[in-house]
Structure formats: C-alpha cells, structure tokens
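Undergrad: Questions regarding the structure given below will be posed in turn.
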Amino acid sequence: MDILDYTAVELSDKIKKKEVSVKETVMAVFDRIDKMESELNCYVELDRCRALESAQKVQEKIDNGEITGELAGVPVAIKDNICTKGIPTTCSSKILKNFVPTFSAQAVINLENAGAVIIGKTNMDEFAMGSTTETSCYGATKNPWNTEHVPGGSSGGSAAAVAAKECYYALGSDTGGSIRQPAGYCGVVGMKPTYSTVSRYGLIAYGSSLDQIGPLCKDVTDCATILEVISTHDPKDSTSVKREDTDFTSALIDDVKGMKIGIPKDYFGEGTDKEVKEAVLRAAEVLKEKGAVVEEFDLSLVEYAIPAYYTIAAAEASSNLERFDGIKYGYRTEEYEGLHNMYKKTRSEGFGAEVKRRIMLGSFVLSSGYYDAYYLKALKVKALIKKAFDDAFSKYDVILGPVAPTPAPKLGESLVDPIKMYQGDIDTISVNLAGLPGISLPCGFSSNGLPIGLQLIGDCFKEKNIIRAAYAYEQARGKFVKEDR
Amino acid sequence: MTSYETVIGLEVHVELATKTKIFCGCSTAFGAEPNAHTCPVCTGMPGSLPVLNKQVVEYAMAVGLATNCDITRYSKFDRKNYFYPDNPQNYQISQLYLPICRNGYVEIEDKDGNLKKIRIHEIHMEEDAGKLIHDEWDDCSYVDYNRSGVPLIEIVSEPDMRSAEEVISYLEKLRLIIQYLGASDCKLNEGSMRADVNLSVRKAGTDKFGTRTEMKNLNSFKAIARAIENERERQIELIEDGKQVVQETRRWDDNKEYSYPMRSKEDAMDYRYFPEPDLVPIVISDEWIEKIKKNQPEFRDEKKKRYISEFEIPEYDAGIITQTKHLADIFEETVSIGANPKKVSNYLMGETMRLLKSKEMEPEEIKFSPENLAKLIKLTDDNLINSSVAKEVFEKVFTDDIDPVEYVEKNGLKQDNDEGGLTEIIKEVIENNPQSVNDYKNGKDKAIGFLVGQTMKATKGKANPGIINKILKELLG
C-alpha cells in the first residue's frame with residue numbers, strides 16, 4: 001500500500017512502529033504536491049526545508065518517547081486564515097500578503113504538541129467569504145475529482161489537499177459551512193464542532209460569533225482523533241468553554257441501535273438535486289437497517305437562515321476587517337495623499353469584490369436607523385432557529401440531511417450570481433447560527449462522478465452522537481477513496 | 001436685560017489604577033519606551049482576542065455603588081467603530097446598550113450651602129487608545145500603543161449642574177470618591193481624569209433645554225471654570241443677536257481662552273455600535289455585589305464625622321485632613337502609633353500645608369512616613385527639643401523623610417534642660433544687658449522677651465524657653 005493511502009491514525013501507528021520515518025512521509029507528501037499542485041492549486045504557502053526540519057525534531061521526540069499520541073509525526077496542512085508563527089498567514093487576500101504572525105493559533109499549538117508536521121497553508125476564499133475558493137487572491141483551487149469543478153469553500157484548499165493526498169489531514173474553519181461543504185464536494189470527512197469547543201485564538205476572524213476551527217480528513221476515526229487534540233479550554237478565548245467530554249474517540253462505536261434520527265423535509269426543497277436527495281436518503285436507509293429509528297419532520301424557519309446569516313456574518317465581518325488599514329501590517333497603497341486617502345486606496349486595492357460586498361452589506365445593516373430593522377431582527381431570527389433545533393433535539397439524537405443541494409458546481413458558475421451562491425449554503429448555515437456540531441462525509445456519487453456529501457447534525461456538545469452515527473455509516477459504506485486517473 | 005440659566009452635564013473619563021490592561025496582560029505603567037507595553041491583543045494583531053480584566057469590573061462596580069448607582073446584573077460590551085491610527089483595531093471596545101452602572105447620584109453643596117443631587121445617567125467601561133507622535137522634521141507620524149487598552153470608566157451625568165462652581169464641586173466629589181476607592185489617582189493635568197462639558201443656556205424660568213455644545217480638552221479645574229464662563233457668554237451672545245447655537249463639539253484652548261468648533265452634528269460619525277462577539281456577557285450576582293460593598297472604604301463624610309467624635313479634633317481640621325485620602329491616611333497612621341491627634345492635625349494643617357504651597361506640591365505627593373512624624377511629636381512631648389528646632393526638623397522630615405531622633409542626636413539639637421548651667425548663662429545675659437533689666441524692673445514686661453532671646457542665642461537655640469523664663473523671673477525678683 002502506498003504510504004500516501006494511509007489515514008492519519010494508520011500512518012502514525014506505522015511511524016511509531018518505525019516502519020516508516022517522519023522524514024520519508026514528509027518527502028512523499030512533497031513529491032505528491034510537486035505532481036499535483038500545478039493542476040489543483042491547494043496550497044498558497046509551502047516550505048519543504050521548514051517541514052523537513054520540523055520532521056527531524058518530531059522524529060526525535062517520538063524516538064525518545066516524548067510524543068506518543070495518535071497524530072505523532074503526521075503531516076498536516078493549515079488553512080490560510082489560521083495563524084502559524086513564522087509562517088505567512090494571509091487569508092488568501094492581497095491586503096495581508098507577506099503577513100507573518102508572531103504567534104500560532106491555539107489549535108495549531110495543540111497539533112504541534114501532538115507531533116504534527118506543518119506542510120503549508122491552504123488556499124481559501126478571501127477571508128473565508130465564498131463557497132467555492134474562487135475569491136482567493138491566489139486564484140481558484142480545483143476539485144481533484146474533476147478539475148473543471150470547484151472544490152467548494154471556503155476551506156477548499158484544505159478539502160482538495162486531503163482528497164488529492166497532498167496531506168493526511170488539514171485544519172479548516174467553518175462560519176456558514178466552510179468545512180462541511182468543501183468536504184462534501186471533495187469526498188472527504190469534515191467537521192464543525194459546537195461553537196466554543198475549539199479556541200478561536202489565532203483564527204483571523206470573519207464572523208466571530210459563528211467561526212469555528214475543525215478538521216478535514218480521510219475518515220471518521222481521524223476526525224474524532226484530531227478533534228480530541230484541538231478541543232481544549234483556552235483562557236485566551238473568552239468564548240472557549242471548559243468541557244470534560246472531549247474524549248471523542250470513545251464514540252467510534254459501530255452501533256446505532258435505538259438511535260433516533262430525524263430528517264428535516266425542509267432540507268430537500270426545490271433547489272435540491274435529485275441525485276443528492278437519493279444518495280442522502282440511501283444513507284439514512286443504511287442507518288435504519290443498522291437499527292436506528294429514522295423519521296421525517298418539519299424543522300421550519302430554514303428559509304430565514306440565509307438572510308439572517310448574511311446579515312450577522314457581514315455585520316461582524318465589517319468590523320473585524322477594519323484593522324486591515326495599511327497602518328500596522330500587510331498591504332499599503334503605493335501613493336496617497338493624507339490619512340483618509342491612504343485608508344481608501346489601501347482597502348480598495350487590497351480587498352477583493354466579494355469581501356467589499358460583505359463589508360458594505362455589514363456596514364449598512366449596522367448603520368444608525370437600520371440597526372433595529374436588520375441586525376437586531378437577524379439576531380431574533382437566530383434565536384428562533386436555535387429554538388427550532390432545541391425542539392427537534394428533544395425528539396432526535398441526530399438530524400440527517402445533505403451538506404449541499406448539489407454536487408460541486410463548475411468553476412466560474414457561482415460568482416456571476418452571488419445570491420444564488422448564498423442560497424447554496426442553505427443546508428449548512430443554520431448549524432452555525434444555532435452553534436451546533438455538524439459532520440460531513442461522502443455518501444455517493446453523482447452521475448458525472450462527483451462526490452455527494454451526507455451531513456449529520458447534533459445538539460450542542462453532543463458531538464459524540466454524530467461521530468457514532470457517522471462511524472457506523474462509514475463501516476457499512478466501506479472505503480471512499482479517489483483512485484488516480 | 002434677560003437673565004439666563006446655564007445647564008451643564010458632564011462626561012468624565014477616569015483611567016483605572018489596574019496593574020494590567022483591560023483586555024490583555026500588558027502593564028499599564030507610565031513612562032516606558034514607546035510600544036514596550038504591548039502584545040498582539042492591544043496592537044490589534046489578526047487572530048488575537050480580548051479577555052476581560054475582572055479588576056476593571058470590580059472598580060467600576062465600586063465606583064457605581066459609591067455613587068448610588070444600580071448595578072446592571074447582565075452587562076455587555078459593544079464595539080464602537082471608527083478609523084484612526086491610535087485605535088489599532090479601528091474599533092473601540094466600549095459599552096452602549098447595557099452599561100455596568102445606571103441611575104446614580106452624588107450630593108454637592110450649592111452656593112447657599114444646601115445639598116443638591118447631581119444625577120448620574122450611567123457609568124460604562126471601555127479601553128483607552130494609543131498615542132500618535134507627529135514628527136514634523138520627518139513629516140510623518142508614529143504610533144505608541146502603550147496606552148492602548150488601558151481601562152477607563154466614563155461617568156455620564158444628567159444635565160443637573162447650573163454653574164462652574166457646581167461643576168467643580170461635582171468633579172471634586174467624584175475625584176474624592178474614586179481616590180478613596182483607590183480606583184484611580186484622578187489627575188486632570190496628567191489625563192487620568194478627563195471631563196467633557198455639555199453646556200446649553202436658556203432664559204431663566206423656562207423648562208425647555210437650549211441647544212448644547214460639547215467642550216473638550218479641559219485639563220484643569222481652572223480651565224473648566226474658564227471654558228464654562230466663556231461658552232456661556234458665547235451662547236448668550238448668539239441668542240441675543242438673534243442667531244442660533246449650533247450643536248457641535250468644540251475644543252478649548254486654555255492659553256488663548258477661546259474655543260473653536262471641531263465637528264458639528266451633521267458630520268457626526270455613525271459608530272455602528274453592535275455587541276462585541278468576542279466577549280461573553282458580564283453576569284453579576286448578589287454575592288459579588290455584597291463582596292464589593294463589604295470592601296468599600298470609609299468615604300470622606302463618614303471619616304470626617306469619625307475624626308470629630310473619635311479624635312476630638314475641630315470640624316475645620318477634620319475637613320482639611322480628609323480633603324485627600326493620602327493626608328487622611330497619614331493622619332490616622334500617625335495617631336495609631338500613639339501621637340496626640342490634635343498635634344498631628346496641627347502639623348498637617350500648619351507646616352505641611354505651608355511647605356506644600358511653597359514647593360507647589362499636591363497633597364498626594366507627600367512622601368514622609370507617619371513613623372517619623374510620630375517620633376518628632378514625641379521629641380517635643382518629651383521636651384527634648386524646643387519648637388523652633390522642631391520646625392527645622394520637620395522640614396527635613398518633609399523633604400527627606402529623615403529619622404528625627406537620629407537627626408537631633410547627630411546635629412546636637414537636643415534641648416538643654418539643665419537649670420544649673422542655664423543659671424550661669426542667664427546671669428551673664430543680665431550683666432550684659434542692664435538696659436533691658438531696668439526696663440523690666442520698671443514694669444515693661446516685654447523686655448523679658450528680649451532677655452529670653454539673648455539667652456537662646458547664647459545657647460545656640462537648644463535651651464528650653466520655658467525654663468529660661470522661670471529662671472529669669474527668679475533672678476530678677
């Protein structure tokens with residue numbers, strides 16, 4: 001078996017048994033990158049020397065018994081909006097080009113302590129605003145299953161890198177579906193944990209009240225393992241919660257007998273592709289056969305999630321992105337006259353169109369006279385959506401549905417009609433508004449050979465329910481890997 | 001001529017005396033190299049997040065309780081968005097919708113000596129900004145973020161003041177409360193207390209408020225008084241001329257005794273306030289409030305009453321000593337060591353005040369220790385030094401905090417209480433001053449003073465004047 005075909009947990013086991021060295025692994029990954037990158041463009045920052053140095057150090061620590069965990073020695077890719085000390089972190093935006101953080105995100109520190117070797121930074125929609133990884137200032141990432149299609153977004157670089165075996169797993173961030181949707185489009189596993197589970201310290205904020213870091217990986221076992229490592233209480237993040245139940249790997253049990261699964265009819269509305277619907281319902285049937293109690297129900301309010309989300313996320317983004325002003329770091333325009341002209345030119349030249357659209361939208365909904373009608377109303381909708389989920393979870397352990405209404409669209413199709421692109425977020429967005437955990441895993445193919453994603457949603461702090469259901473489904477489904485053409 | 005009433009409300013910013021900043025662990029100390037006290041949080045680095053300093057909440061609650069405010073049990077921070085380089089995130093974390101304290105008041109004395117309530121609309125917490133340093137030589141500007149994230153409270157009053165005197169009384173009252181709490185040193189000249197004055201005028205007897213202006217850059221009580229007088233006259237003049245007062249923010253120039261407009265209501269900024277998503281709401285329990293209440297210090301009015309009853313010092317003395325907490329602390333500590341309260345009070349009111357005035361110092365700057373003042377008083381109580389030596393020694397205590405016992409010993413200043421030796425000296429004085437002796441014998445009692453003085457001179461000031469007097473009278477019969 002090719003070394004690149006191992007999952008993260010399998011690889012670490014081989015490393016610890018000395019069947020393969022960390023250095024060999026890193027070199028194999030870079031060989032793969034050399035072969036694939038010109039076609040896919042998953043990475044925006046790569047440094048072979050740094051990775052090999054880090055491999056050397058990790059190998060020593062494994063050899064002397066300092067690092068023993070399930071991710072020891074495994075190469076990882078980090079999304080470009082997650083700070084890595086000494087490694088450029090740009091949110092795939094011109095305005096942060098060449099920005100090198102002085103500290104690492106807590107999630108990255110946790111992974112490094114567990115023996116991860118950072119390969120590089122992955123491409124993304126600029127500031128995580130987009131659903132296709134096409135708004136990046138470095139150009140689009142391509143879907144490894146079909147390079148005419150997008151990998152999804154905004155963590156498209158991370159999802160494509162895992163699918164194309166250019167890394168063993170990756171970190172992404174999910175504000176409205178940015179981990180789960182690209183995982184679905186690229187046929188990998190992606191998970192957004194409950195809001196407040198993974199520290200946001202070092203994640204460059206888009207929508208602070210919605211953002212969460214999470215893993216993109218090859219299977220559910222890797223997913224639970226990675227999540228267990230990155231979920232720690234962090235006093236540097238005021239919204240970080242102290243949890244005693246982050247032993248997520250304990251939920252890797254192939255048993256769903258008696259588990260109550262609800263399927264919201266609202267998730268199979270007009271825009272949902274027939275093939276997607278069939279694949280997702282087949283997955284539900286598999287779980288039913290394994291003993292789960294599956295039924296349909298009305299979740300309600302789903303159609304209000306998109307306007308509420310774009311109001312809240314844009315409002316927070318308009319404020320979060322104010323610090324990119326050409327004063328302290330990042331891009332500054334060449335010529336300017338006075339302070340305000342500098343601000344104006346720097347931000348006009350530094351931000352892309354989608355980011356500007358959301359900054360304007362966010363500034364508008366917060367402006368005096370409109371605050372109550374838009375922002376405050378969106379917060380009320382958010383509270384109602386949370387309540388609808390509370391009601392659902394009083395009846396069900398897990399909610400099951402598609403991760404997106406269609407498989408990956410073609411490159412260039414989405415940006416021409418932003419409203420349509422926003423509507424594509426319908427299946428993932430309410431999960432962020434309600435702060436819930438959600439996992440996405442492949443459940444089939446469309447007729448043109450693109451992966452279809454299944455989404456399992458749990459109640460707050462009930463990641464174990466969805467990990468268990470996902471694991472049980474995965475066991476029945478079998479391997480889902482992309483063979484090289 | 002119509003008489004006008006002035007209506008004034010204040011917005012007072014107070015820098016809190018926490019050791020670290022409001023949202024990070026950086027020091028708040030003054031005087032460091034630019035950007036020495038900074039970190040990713042207070043310089044607005046991407047990915048950094050604020051964490052609230054609990055001490056800030058406790059100081060704000062303590063000030064709120066001392067000014068009779070309701071404490072908001074569920075309080076939140078909001079972002080105030082505006083672009084300026086001293087503000088590294090381009091938003092200030094402040095409180096708009098749910099400030100920590102509301103509906104309070106303090107009592108001041110009006111011009112007739114009656115108590116008057118000045119209501120407090122709210123007190124909220126926020127962060128300070130950095131400082132821009134303009135280099136005119138290079139034609140560029142630098143930013144120092146040492147002050148960025150230093151905690152502030154803003155105390156917003158209702159428009160309840162009617163004169164500069166009331167404004168000063170209100171500010172003095174606030175300053176005293178906050179100083180007694182140890183929440184800030186409240187120095188206007190150093191900017192740890194800043195007051196913006198909202199002022200309007202209206203024809204006496206009318207209810208409707210006139211259009212107000214907001215005056216900034218007031219760095220002393222005197223500047224505040226001058227600015228109020230000037231703005232009052234400016235507004236009255238406009239109205240008398242049939243013109244309108246424009247709602248605007250003005251900047252006071254105390255050197256020119258003139259204010260000029262900074263921005264009008266029309267170009268007022270839209271700060272796009274919204275709840276700060278990076279911080280969780282502050283939930284304040286009954287227990288927490290009780291804890292703060294229990295730790296509240298004795299404030300001035302109570303202290304003053306206690307001094308009068310417990311130490312039996314005059315009301316006038318008690319008033320002056322409690323004018324600053326530092327002075328009151330010195331008084332109480334010196335008395336607790338065993339010194340006579342009235343004597344301590346005399347030193348603080350007399351010599352201390354005189355020296356402060358001549359050295360142009362504030363009472364907060366007093367450095368001598370209560371121990372040394374107590375020792376000095378004991379030396380006089382024990383008749384070991386006379387009053388003129390005591391005055392000289394106190395000056396050394398005041399400036400260098402010397403140990404009076406050692407100082408007196410070292411400089412041989414001890415009072416000579418040996419009557420035998422003195423008698424010899426006095427006999428000589430009598431012999432050398434026949435004229436004064438005659439005067440005294442002829443009924444000029446004052447002449448004895450001259451003879452005492454001569455004896456003091458002969459003993460280099462060390463003799464006890466009481467004893468000299470006694471011996472002189474004996475010898476002259």
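Undergrad: Return the total of residues in the range B:254-280 being surrounded by 13 or more Cβ atoms within 10 Å (Cβ to Cβ) and either free of Cβ contacts under 8 Å to residues at least 12 places away in the same chain or charged (D, E, K, R) (or both).
TA: 8
Undergrad: Here is a list: B:56, B:14, B:7. Which entry is within 26 Å of the chain's Cα centre (by Cα), buried (at least 21 other Cβ atoms within 10 Å of the Cβ) and more than 14 Å from every other protein chain (Cβ to nearest Cβ)?
TA: B:14
Undergrad: Filtering the range A:110-134 down to residues that are of a type in the set (A, V, I, L, M) and farther than 12 Å from residue A:171 by Cα, which residue is nearest to the other protein chains (Cβ to nearest Cβ)?
TA: First, pick out the residues of the range A:110-134 that are of a type in the set (A, V, I, L, M): A:111, A:114, A:116-119, A:124, A:128-129.
Now drop any that are not farther than 12 Å from residue A:171 by Cα, which leaves A:114, A:117, A:128-129.
Details: A:114: 20, A:117: 21, A:128: 12, A:129: 15 Å.
If we take residues in the range A:110-134 being of a type in the set (A, V, I, L, M) and farther than 12 Å from residue A:171 by Cα, then A:128 is nearest to the other protein chains (Cβ to nearest Cβ).
Undergrad: Out of the range B:108-125, which residues are in a strand (DSSP E or B) and either modelled with pLDDT under 95 or not acidic (Asp, Glu) (or both)?
TA: Filtering the range B:108-125 for residues in a strand (DSSP E or B) gives B:108-109, B:115-125.
Matches in the range B:108-125: B:108, B:109, B:115, B:116, B:117, B:118, B:119, B:120, B:121, B:123, B:124, B:125.
Undergrad: Condition first: in contact with a Phe, Trp or Tyr (Cβ under 9 Å, 6 or more places away or on another chain), within 14 Å of chain B (Cβ to nearest Cβ) and in a helix (DSSP H, G or I). Can you find one or more residues in the range A:30-51 that meet it?
TA: no
Undergrad: Now a separate question. So which residues in the range A:400-428 are surrounded by fewer than 24 Cβ atoms within 10 Å (Cβ to Cβ) and not in a loop (DSSP other than H, G, I, E, B)?
TA: Across the range A:400-428, the qualifying residues are A:410, A:418, A:419, A:420, A:421, A:422, A:423.
Undergrad: Taking the criterion of being in contact (Cβ under 8 Å) with a residue 12 or more places away in the chain, over 16 Å from residue A:384 (Cα atoms) and crowded, with 19+ Cβ neighbours inside 10 Å, would at least one residue in the range A:288-299 satisfy it?
TA: Yes; the residues of the range A:288-299 include at least one that is in contact (Cβ under 8 Å) with a residue 12 or more places away in the chain, over 16 Å from residue A:384 (Cα atoms) and crowded, with 19+ Cβ neighbours inside 10 Å.
Undergrad: Suppose we filter B:185, B:144, B:207 for residues that are out of contact with any helix residue (DSSP H, G or I) (no Cβ under 8 Å at 6 or more places or on another chain) and assigned by TED's automatic domain parsing to the domain that holds residue B:66; which single one remains?
TA: Working: B:185 fails: out of contact with any helix residue (DSSP H, G or I) (no Cβ under 8 Å at 6 or more places or on another chain); B:207 fails: assigned by TED's automatic domain parsing to the domain that holds residue B:66.
After ruling out the rest, the residue left standing is B:144.
Undergrad: Sticking with this one: With the structure loaded, tell me whether residue A:247 is surrounded by 15 or more Cβ atoms within 10 Å (Cβ to Cβ) and either within 14 Å of another protein chain (Cβ to nearest Cβ) or farther than 30 Å from residue B:141 by Cα (or both) or whether it fails that test. Before you say what the answer is, go through the steps one by one.
TA: Values: surrounded by 15 or more Cβ atoms within 10 Å (Cβ to Cβ): no; either within 14 Å of another protein chain (Cβ to nearest Cβ) or farther than 30 Å from residue B:141 by Cα (or both): yes.
No: the conditions fail for residue A:247.
Undergrad: Residues in the range A:437-450 that are under 17 Å from the mean Cα position of the chain (by Cα), over 14 Å from residue A:219 (Cβ atoms) and not in a loop (DSSP other than H, G, I, E, B): how many? Outline the logic, then answer.
TA: Let us first name the residues in the range A:437-450 that are under 17 Å from the mean Cα position of the chain (by Cα), namely A:437-442.
Narrowing further to those that are over 14 Å from residue A:219 (Cβ atoms): A:437-438.
Adding the requirement that they be not in a loop (DSSP other than H, G, I, E, B) leaves A:438.
Count: 1.
Undergrad: Are any of the residues in the range A:266-279 within 26 Å of residue A:299 (Cβ to Cβ), within 14 Å of chain B (Cβ to nearest Cβ) and touching a residue at least 12 places away in the same chain (Cβ under 8 Å)? Break it down into steps so the answer makes sense when it comes.
TA: Filtering the range A:266-279 down to residues within 26 Å of residue A:299 (Cβ to Cβ) leaves A:266-279.
Within this subset, residues satisfying the condition of being within 14 Å of chain B (Cβ to nearest Cβ) are none.
There is no residue in the range A:266-279 that is within 26 Å of residue A:299 (Cβ to Cβ), within 14 Å of chain B (Cβ to nearest Cβ) and touching a residue at least 12 places away in the same chain (Cβ under 8 Å).
Undergrad: What pairs come out if I take residues in the range B:20-48 that are at the interface with chain A (Cβ under 9 Å from one of its Cβ atoms) and pair them with residues that are basic (Lys, Arg) and surrounded by 15 or more Cβ atoms within 10 Å (Cβ to Cβ) whose C-beta lies under 6 Å away, six or more apart or interchain?
TA: Close Cβ pairs satisfying both conditions: B:44/A:323.
Undergrad: Which of the helices (runs of 4 or more DSSP H) contained wholly in the range B:243-332 include at least 3 residues that are under 30 Å from residue B:347 (Cβ atoms) and of a type in the set (Asp, Glu)?
TA: B:300-310
Undergrad: Okay, next question. When residue A:312 is evaluated against the numbered criteria (1) of a type outside the set (Gly, Ala, Ser); (2) farther than 30 Å from residue A:222 by Cβ; (3) at pLDDT below 95; (4) not in a loop (DSSP other than H, G, I, E, B), which criterion, by number, is the only one it fails?
TA: (3)
Undergrad: Then there is this: Out of the residues in the range A:328-375 meeting the condition of being more than 13 Å from chain B (Cβ to nearest Cβ) and hydrophobic (A, V, I, L, M, F, W, C), tell me which one is farthest from the chain's Cα centre (by Cα).
TA: Applying the filter and picking the extreme gives A:373.
Undergrad: Evaluate the following for residue A:29: is it modelled with pLDDT of 95 or more, in contact with a Leu (Cβ under 6 Å, 6 or more places away or on another chain) and closer than 21 Å to residue A:183 by Cβ? Quick ask: steps written out before the conclusion?
TA: Working: modelled with pLDDT of 95 or more: yes; in contact with a Leu (Cβ under 6 Å, 6 or more places away or on another chain): no; closer than 21 Å to residue A:183 by Cβ: yes.
So residue A:29 does not fit the description; no.
Undergrad: Within the range B:299-331, take every residue that is touching a Lys or Arg at 6+ places or on another chain (Cβ under 7 Å) and not hydrophobic (A, V, I, L, M, F, W, C) and give me the one that is farthest from the other protein chains (Cβ to nearest Cβ).
TA: Step one: of the range B:299-331, the residues touching a Lys or Arg at 6+ places or on another chain (Cβ under 7 Å) are B:313, B:318-319, B:322, B:328.
Subset that is not hydrophobic (A, V, I, L, M, F, W, C): B:319, B:322.
Numbers: B:319: 46, B:322: 41 Å.
That would be B:319.
Undergrad: Next question. Can you tell me which residue among B:170, B:180 is over 28 Å from residue B:32 (Cα atoms), aromatic (Phe, Trp, Tyr) and within 22 Å of the chain's Cα centre (by Cα)? Break it down into steps so the answer makes sense when it comes.
TA: Details: B:180 fails: over 28 Å from residue B:32 (Cα atoms).
Every option except B:170 fails the conditions.
Undergrad: Could you tell me whether any residue of the range B:80-91 is more than 13 Å from chain A (Cβ to nearest Cβ), part of a loop (DSSP other than H, G, I, E, B) and either farther than 29 Å from residue A:238 by Cα or among the hydrophobic types (A, V, I, L, M, F, W, C) (or both)? Talk me through it step by step, then tell me what you get.
TA: Step one: list which residues in the range B:80-91 are more than 13 Å from chain A (Cβ to nearest Cβ), which gives none.
No, that holds for no residue.
Undergrad: Follow-up question, since we're still on this one. Which one is surrounded by the most Cβ atoms within 10 Å (Cβ to Cβ), of the residues in the range A:250-265 that are in a loop (DSSP other than H, G, I, E, B) and more than 22 Å from the chain's Cα centre (by Cα)? Lay out the reasoning, then the answer.
TA: Looking only at the range A:250-265, we keep the residues that are in a loop (DSSP other than H, G, I, E, B), and these are A:252-259.
From the residues that got through so far, the ones that are more than 22 Å from the chain's Cα centre (by Cα) too are A:253-259.
Numbers: A:253: 13, A:254: 12, A:255: 13, A:256: 27, A:257: 9, A:258: 9, A:259: 19.
Taking the candidates together, the pick is A:256.
Undergrad: If you don't mind, there's one more thing I want to ask. Is it the case, given these coordinates, that residue B:352 is hydroxyl-bearing (Ser, Thr, Tyr) and either loosely packed, with under 13 Cβ neighbours inside 10 Å or over 26 Å from residue B:463 (Cβ atoms) (or both)?
TA: Values: hydroxyl-bearing (Ser, Thr, Tyr): yes; either loosely packed, with under 13 Cβ neighbours inside 10 Å or over 26 Å from residue B:463 (Cβ atoms) (or both): yes.
In short, yes.
Undergrad: Filter the range A:58-77 for residues that are more than 22 Å from residue A:249 (Cα to Cα) and touching a helix residue (DSSP H, G or I) at 6+ places or on another chain (Cβ under 9 Å); which is nearest to the other protein chains (Cβ to nearest Cβ)?
TA: Checking each candidate, the answer is A:58.
Undergrad: Across the range B:92-121, which residue is farthest from the other protein chains (Cβ to nearest Cβ) among those that are surrounded by 14 or more Cβ atoms within 10 Å (Cβ to Cβ) and of a type in the set (A, V, I, L, M)?
TA: B:108
Undergrad: If you don't mind, there's one more thing I want to ask. Residues A:368, A:363: which one is of a type in the set (Ser, Thr, Tyr) and assigned to a helix (DSSP H, G or I)?
TA: Numbers: A:368 fails: assigned to a helix (DSSP H, G or I).
Sole residue among the options that is of a type in the set (Ser, Thr, Tyr) and assigned to a helix (DSSP H, G or I): A:363.
Undergrad: Hey, another quick one. Please give the number of the condition residue B:195 fails out of (1) surrounded by 13 or more Cβ atoms within 10 Å (Cβ to Cβ); (2) touching a residue at least 12 places away in the same chain (Cβ under 8 Å); (3) assigned to a loop (DSSP other than H, G, I, E, B).
TA: The single condition residue B:195 does not satisfy is (3).
Undergrad: Does residue A:384 satisfy the criteria of being out of contact with any Gly (no Cβ under 6 Å at 6 or more places or on another chain) and within 14 Å of another protein chain (Cβ to nearest Cβ)? Working first, answer last.
TA: Numbers: out of contact with any Gly (no Cβ under 6 Å at 6 or more places or on another chain): yes; within 14 Å of another protein chain (Cβ to nearest Cβ): no.
Taking the combined requirement at face value, the residue does not satisfy it.
Undergrad: Condition (residue is among the acidic types (Asp, Glu), at pLDDT 95 or above and out of contact with any Ser or Thr (no Cβ under 6 Å at 6 or more places or on another chain)) applied to the range A:223-245: is it met by at least one residue?
TA: Of the residues in the range A:223-245, the ones among the acidic types (Asp, Glu) are A:228, A:234, A:237, A:244-245.
Retained after the next criterion (residues that are at pLDDT 95 or above): A:228, A:234, A:237, A:244-245.
Cutting the leftovers down to out of contact with any Ser or Thr (no Cβ under 6 Å at 6 or more places or on another chain) gives us A:244-245.
Looking for residues that are among the acidic types (Asp, Glu), at pLDDT 95 or above and out of contact with any Ser or Thr (no Cβ under 6 Å at 6 or more places or on another chain), one finds at least one in the range A:223-245, hence yes.
Undergrad: Can you tell me how many residues within the range B:126-161 are assigned to a loop (DSSP other than H, G, I, E, B) and modelled with pLDDT under 95?
TA: 4
The values are calculated or read from the model by the stated rules, or taken from the named source; none is laboratory data. Here the structure is a predicted model, which is why all the values come from computation and not from measurement. Glycine also receives a Cβ, built like all others from the backbone with ideal geometry; neighbour counts cover every protein chain displayed.
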